[in-house]
Amino acid sequence: MNKMKLLRIVVPIALCSFAAALLIDRLQRPFGGREALLQLENKWLAAEDDPATLEGILAKDFVHVLPVGFVSRDEQITYMRYMKEHPQKLRPLHHFDDMRVRIFKDVGLVNGIVVETNERGEVLRKTLFTDVFAYRDGRWQAVSAQELLLQEPAGKPHP
């Protein structure tokens, strides 16, 4: 077999293999992947005073697991509306730390820490969280969230 015939066979096989690898990679990281979920998390954190934005993030079957019990999407949004009508005078600032994202086809998990500070930048508390997203109706939607207050080990603050 001469070189030209060999190239006619090998090149299409190589191109098909490359295309298949790209497709497999895309299927493993669908719908914008890690960056899309991090953007949604930032939007959620910024939506503290915006129930309408929260409605677009939370799935209809959303459940928030808190130390006080299970909170539904509607209960969460009703609470946000109440807080918007009755704002606190001094509100702490929030930012994320140690964000970790994993994606399993159309399910995304985000773990991280919400750091709450005062206006001087002093840390008031840290809350660990796990948010679960499902890709439905052409977008990522939060289906579950759980929070846990981070306890500092005695004599050793968390970095």
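The values are calculated or read from the model by the stated rules, or taken from the named source; none is laboratory data. All figures in this text were calculated on a predicted structure; none of them were measured in a lab. So basically every Cβ, Gly included, is an ideal-geometry build from the backbone, and we count neighbours across all protein chains shown.
Assorted remarks:
- Pairs meeting the criteria (first residue in region 43-60 and in the same structural domain as VAL143 (by TED's automatic domain parsing), second residue of a type in the set (Ser, Thr, Tyr), beta carbons under 7 Å, at least 6 apart or on different chains) are LYS43/THR53; ALA47/THR53.
- Comparison of ARG120, ARG102, ARG136, ARG125 shows that the only residue that is more than 13 Å from GLU41 (Cα to Cα), basic (Lys, Arg) and under 10 Å from the mean Cα position of the chain (by Cα) is ARG102.
- Residue within region 76-90 that is in a strand (DSSP E or B), in the same structural domain as GLN39 (by TED's automatic domain parsing) and either modelled with pLDDT of 95 or more or surrounded by 11 or more Cβ atoms within 10 Å (Cβ to Cβ) (or both) present: no
- Where ARG102 falls short, out of the listed (1) over 19 Å from GLY33 (Cβ atoms); (2) free of Cβ contacts under 8 Å to residues at least 12 places away in the same chain: (1)
- Condition check for PHE70: touching a residue at least 24 places away in the same chain (Cβ under 8 Å), in a strand (DSSP E or B) and in contact with a strand residue (DSSP E or B) (Cβ under 6 Å, 6 or more places away or on another chain): no
- Remark: VAL123 falls outside the filter, which requires a residue to be in contact with a Ser or Thr (Cβ under 7 Å, 6 or more places away or on another chain), without any contact (Cβ under 8 Å) to a residue 60 or more places away in the chain and either of a type in the set (Asp, Glu) or crowded, with 16+ Cβ neighbours inside 10 Å (or both).
- GLU41 under 21 Å from ASP137 (Cα atoms), at pLDDT 95 or above, surrounded by 14 or more Cβ atoms within 10 Å (Cβ to Cβ) and among the acidic types (Asp, Glu): yes
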